[in-house]
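The values are calculated or read from the model by the stated rules, or taken from the named source; none is laboratory data. Since the model is a prediction, treat every value here as computed from it, not as a measurement. Virtual Cβ from ideal backbone geometry, glycine too; neighbours counted across all protein chains shown. In case anyone asks, the SASA skips ligands and DNA or RNA and just uses the protein heavy atoms, side chains included. Shrake-Rupley method; radii C 1.70, N 1.55, O 1.52, S 1.80 Å.
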Amino acid sequence: HRSDSDNITMVMSTLCVVAVAVVVGGFNHRFKGEGLPPIDGQTPWERKHGILPKGAGFVYDHPGITNEQALQLVAESEDFRAHQRDRRQLQSCHRLEGLFVRPCGMLGTYGNLNVTQRDTRFYGVGSATSNASYTLDRTYYIGEGDHCYPATMNTFFQLVLHGEFVPHGPNTQIESAQPTPGTGEAWLPHACKADMRWGNSEITLGDNPQGYALARTFTQFCPCNITWTVGVQHNVSVKNCGALPSNESVGYYWCHIIAGGEDSFNYQWSVKGDAYITSPDNFTPHDYSEPLDNTYVRHLIPSTGNNQYQDCTVESPMGADSGLKLHRRCNPPICTAGFVFNERTGVCVSSAGDTMPPAPGIPLAEVVCNTCTGFECDGCLFDSVTANWVASQSNNTWQDCCPCFFEAGREIDHSWEQVQC
């Protein structure tokens, strides 16, 4: 089965090389919780994303739900979470649960442009009587940089899926993953099989020549009763898409993603439970033959509750010096003296032409993520604050800087910076 890089290459072959325009200006971050009634016990992060308290699921899956009904769903999911280890099949293949980020990665080049991609997703808990639900954001970028900053790279294609995660227990028909070379990351003894199902998707094509070319591809292979245009979000329903192209077609991968359906795959948890790897997409229902790929790693971003904004100010209960020290650590200058941030390439440049990477931190995040939408914001904030993520360590910048995110997010136009932590 083709990888993300292979699928990008097939479509990119139809595109022309153009200069990249920098995206500027603020806009609606399109958080799905906006306008929904608050539920008792929701964190600010859960509320903006429309997530039930304690990650039980999504509020918008239950139109008209009352506070009491929501809390009953939370109680049922908590009961399931407490007892799922008693179920032998799920003990070693427990459901995916929580916020996961597959950090920014290069997919390849086309002409003088780079194509990068980041994947951010949240899995709800579900219950003994209902499958877990999920929302996935996968955004592809194109430009001169090698990063995934929405404000400095052009968005090529943004995909948001929402549906069910359905686990099916161990898969003894494929080989288990070996420790990842270079990291020593160890994985549980066997693979697990599962399905991701969705009936609707939200698609945004970049307002640039590459987006126009992709719109032509969609119009030809999977029109889905939509007038494909760039720069707007399209809501796609599987019932409007009809028959999809064969797997030899350029449009095969894209059409199956946007039209909805079922992706059968394998996954394997790390021994420490802080990450999982997966196989490539497979749109043949109940075919779990695709091998695991150690490069398809998704890291679990833990929630520590470390979100008291006072800890990042002179009001810190640990003393003013402690608050100022944390604030300085999490808010370093983007570039050192003598260097200026280049919005086209995403690096710091001196007058002599020397370059160096920007300092990860909240100031960088505020500059490069301010045009993000939905879960893309969480992935972008994570990438721009955490230079080298090691999920098993507790001293990562992301976790330590949570109070500073909430301190910055107190400003009304910066509430998008309040993260899961």
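Here are some notes:
- Those lysines that a straight Cα-Cα span of less than 28 Å connects to K193, excepting residues fewer than 8 apart in one chain: K54, K239, K272
- Residue range of the chain that is longest and free of trypsin sites (Lys or Arg not before Pro) which are both DSSP loop and sparsely packed (at most 14 other C-beta within 10 Å): 88-271
- Using the rule -39500 (n - 2.57) for each DSSP H run of four or more residues, divided by the residues of the chain, the 222 nm mean residue ellipticity is -6500 deg cm²/dmol.
- Note on T313 and N112: the model spin-label points, each 7 Å out from Cα along the C-beta direction, lie 4.8 nm apart.
- When a 1.4 Å probe is rolled over the protein heavy atoms, the share of accessible surface on the chain that falls to carbon and sulfur comes to 51 percent.
- Amide H within-cut-off set for G33, under 5 Å, with H built and near neighbours excluded: H49, G50
- Accessible surface, per residue, of segment 265-421 when the full set of protein chains is kept, probe 1.4 Å, Å²: 43 Å²
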